[in-house]
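Asker: Take this structure, written in structure tokens, and hold onto it; I'll ask about it next.
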Amino acid sequence: MDIKTRIAIIGIQLCAGIALLASILTALPAYARAGTLIKCDFISTQQGPRYVGTYCVDFACQYTTTRIFTSYCPFSL
């Protein structure tokens with residue numbers, strides 16, 4: 001098997017893997033959002049700039065918590 005055929009096969013396998021991963025991620029239910037960032041707001045305070053992150057507490061995002069960070073809001077807690 002020559003190198004072009006090998007590269008083509010690897011490319012096809014990679015595309016199939018990405019498609020499978022995308023279908024799995026889109027099939028995840030919406031309730032799997034506990035601990036994830038909903039929004040991040042920048043505020044200016046006397047102590048310097050702060051980022052206020054709002055996170056889901058439960059799986060359905062009915063309850064939220066607010067955390068304050070000095071540099072950025074991490075995507076998940």
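Asker: In nm, to one decimal, how far is the modelled label at Phe69 from the one at Val52, with both set 7 Å along Cα→Cβ?
Answerer: According to this spin-label approximation, the distance is 1.6 nm.
Asker: Okay, next question. For the ranges 55-64, 42-51, 68-77, what's the packing order if you count other beta-carbon atoms within 10 Å of each residue, average per peptide, and put the highest first? Working shown, then result.
Answerer: Details: 55-64: 14.2, 42-51: 9.4, 68-77: 12.0.
Descending packing order for the listed peptides: 55-64, 68-77, 42-51.
Asker: Would you mind calculating the gained length between Ser76 and Cys61 on full extension (0.36 nm times residue separation, minus the Cα-Cα distance), in nm to one decimal?
Answerer: Values: separation 15, 0.36 × 15 = 5.40 nm, distance 1.34 nm.
Gain in length upon complete extension: 4.1 nm.
Read-outs: derived from the displayed coordinates by stated rules, not from any lab. The structure displayed is predicted, hence computed values, not measured ones. With ideal geometry, Cβ positions are generated from the backbone for all residues, glycine too; neighbour counts draw on all protein chains shown.
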